[in-house]
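Below is one structure; the comments refer to it alone.
The values are calculated or read from the model by the stated rules, or taken from the named source; none is laboratory data. Not measured: the values here are computed from a predicted model. Ideal geometry is used to build each Cβ from the backbone, glycine not excepted, and the neighbour counts take in all protein chains shown. Heavy atoms of the whole protein, side chains included, go into the accessibility calculation; ligands, DNA and RNA do not. Shrake-Rupley method; radii C 1.70, N 1.55, O 1.52, S 1.80 Å.
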Amino acid sequence: MGILLFISVLLVAACGLIYELVAGTLASYLVGDSVFQFSTIIGTYLFAMGIGSALSRYIHRGLVHRFVWIELLLGVVGGFSSALLMLAFAFTQGFELILYALVMVMGILVGLEIPLLMRIVKDRYHFRDVIAHVLTFDYLGALGASLLFPILLVPRLGLVRSAMLFGLINAAVALWSTFLFASQLTRPRGLRAACFVVLCGLGAGIAEARYITSTAEDNIYADEIIFARDTHYQHLVLTRFKDDLRLFLNSHLQFSSRDEYRYHEALVHPGLAAVPAPRHVLILGGGDGLAVREILKYPQVESITLVDLDPEMTKLFSSHPMLTKLNDKSLLSARVQVINADA
């Protein structure tokens, strides 16, 4: 009983942090200014958690019943938050309003969880043990979520599926709680049925996540999307209209193939012209290989070292036929060494 309870605490803590990270990351991708987005979203989220904790004092009866419903609500709101925000950005003018409304709702629900759990189990443990164990597992869950999010969830599942996966976990904790605290429930069957409905809804959402993402992005980007991927570091989108290829990083235009040469020629040639007989060149960034293309026009250059943080970026521009045609297969040149690291 004890270990199952504290595993529940760990899981709900992980879910709460994931929803916060999803909101901050998505806002950074879509709006930009990541420092401002994360700062205001984290602050609003913590403020809302405080409101939720304060509101928990007014819940006097049916603690388990209300805890289960809070988990289900959080599973639905948090699980679909990423999809809703993407669609709001694509189809409405009220993205910021919807963003902070969702953050407030999720924060209040998360703020209700731990106080209710503590009151549910207060008769089974000494008060000091309840505080110590619950907070320990709460912080452990937050640590696990903070590591999983950038290393595994975003690059492997994407933001939409990641949020829905943790919505499933919230719903699973709700279902689990109907058995864990069955003696404190009068009508567990109705709650369990609601849990199954939410689990099925989130499962269907995960199955259709790609459709949801493509529907939103088709409206965000004017042209046909031919490539989209979340990496460890950013969201890559490549669009095409006739002969115009455009690269977007975190929804911000990086180049258009129609005029990128103007930037890269101006970047490379004046500098190299000022150096007598340049032989070794270091490029920091430039994972698209377009600056490298210009430097390779100098036969006296013996080696080019390109340092770019994102391996998915350099892999894409070394293998995609349209992009290797654009950069003249510059990243595949024997004179080029690509290093994926922080410049």
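Scan segment 253-267 for residues that are touching a helix residue (DSSP H, G or I) at 6+ places or on another chain (Cβ under 9 Å) and not acidic (Asp, Glu) and jot them down.
Quick first cut of segment 253-267, residues touching a helix residue (DSSP H, G or I) at 6+ places or on another chain (Cβ under 9 Å) only: 254-255, 257, 260-261, 263-265, 267.
Across segment 253-267, the qualifying residues are Gln254, Phe255, Ser257, Tyr261, Tyr263, His264, Leu267.
Among the residues of segment 223-276, those that are farther than 20 Å from Asp308 by Cβ, aliphatic (A, V, I, L, M) and without any contact (Cβ under 8 Å) to a residue 12 or more places away in the chain comprise Ala266, Ala273, Ala274, Val275.
Filtered by the rule that a residue be on the phi > 0 side of the Ramachandran plot and touching a strand residue (DSSP E or B) at 6+ places or on another chain (Cβ under 8 Å), segment 25-76 gives a lone residue, Gly32.
Taking segment 274-297 as the range and being charged (D, E, K, R) and either over 34 Å from the mean Cα position of the chain (by Cα) or within 17 Å of Arg335 (Cβ to Cβ) (or both) as the test, the residues that pass are Arg279, Arg293, Glu294, Lys297. Just a yes or no: is a residue in segment 54-63 closer than 30 Å to Gly190 by Cβ, touching a residue at least 60 places away in the same chain (Cβ under 8 Å) and either of a type in the set (A, V, I, L, M, F, W, C) or open to solvent by 20 Å² or more (accessible area, probe 1.4 Å) (or both)? Looking for residues that are closer than 30 Å to Gly190 by Cβ, touching a residue at least 60 places away in the same chain (Cβ under 8 Å) and either of a type in the set (A, V, I, L, M, F, W, C) or open to solvent by 20 Å² or more (accessible area, probe 1.4 Å) (or both), one finds at least one in segment 54-63, hence yes.
Answer yes if at least one residue in segment 250-271 is among the acidic types (Asp, Glu), open to solvent by 80 Å² or more (accessible area, probe 1.4 Å) and modelled with pLDDT under 95, and no otherwise.
No.
Filtered by the rule that a residue be over 18 Å from the mean Cα position of the chain (by Cα) and in contact (Cβ under 8 Å) with a residue 60 or more places away in the chain, segment 200-214 gives a lone residue, Gly201.
Here's a check for you: in segment 176-187, which residue that is over 30 Å from the mean Cα position of the chain (by Cα) and open to solvent by 30 Å² or more (accessible area, probe 1.4 Å) is farthest from Leu72 (Cα to Cα)? Even if it seems obvious, please write down each step before you answer.
Taking segment 176-187 and keeping what is over 30 Å from the mean Cα position of the chain (by Cα), we get 178-187.
Among the residues that remain, those that are also open to solvent by 30 Å² or more (accessible area, probe 1.4 Å) are: 179, 182-184, 186-187.
Numbers: Phe179: 15, Ala182: 17, Ser183: 20, Gln184: 18, Thr186: 18, Arg187: 16 Å.
So, considering only residues that are over 30 Å from the mean Cα position of the chain (by Cα) and open to solvent by 30 Å² or more (accessible area, probe 1.4 Å), the one farthest from Leu72 (Cα to Cα) is Ser183.
The condition (being under 29 Å from Ala193 (Cβ atoms) and assigned to a loop (DSSP other than H, G, I, E, B)) is satisfied by just one residue among Arg161, Arg119, Arg124: Arg124. Remark: pairs (first residue in segment 138-154, at positive phi and open to solvent by 50 Å² or more (accessible area, probe 1.4 Å); second residue part of a helix (DSSP H, G or I) and polar (S, T, N, Q); Cβ separation under 9 Å; 6+ apart in sequence or on different chains) are absent.
To keep it simple, each residue is scored yes or no on (1) of a type outside the set (A, V, I, L, M); (2) under 21 Å from Leu332 (Cα atoms).
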position	(1), (2)
Leu253	no, no
Ser256	yes, no
Glu260	yes, yes
Leu272	no, no
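Would you check if Ile226 is at pLDDT below 95, of a type outside the set (Asp, Glu) and under 17 Å from Lys325 (Cα atoms)? Spell out how you get there, then give the answer.
Working: at pLDDT below 95: yes; of a type outside the set (Asp, Glu): yes; under 17 Å from Lys325 (Cα atoms): yes.
The answer is yes for Ile226.
Of the helices (runs of 4 or more DSSP H) contained entirely in segment 195-300, those carrying at least 3 residues that are farther than 20 Å from Ser318 by Cα fall at 209-220, 260-273.
Being in a strand (DSSP E or B) and not assigned by the TED database to the domain that holds Ala174 is not true of Leu316. I'm trying to understand the selection: among the residues of segment 298-343, which are surrounded by fewer than 12 Cβ atoms within 10 Å (Cβ to Cβ) and under 24 Å from the mean Cα position of the chain (by Cα)? Result: Ala341, Asp342.
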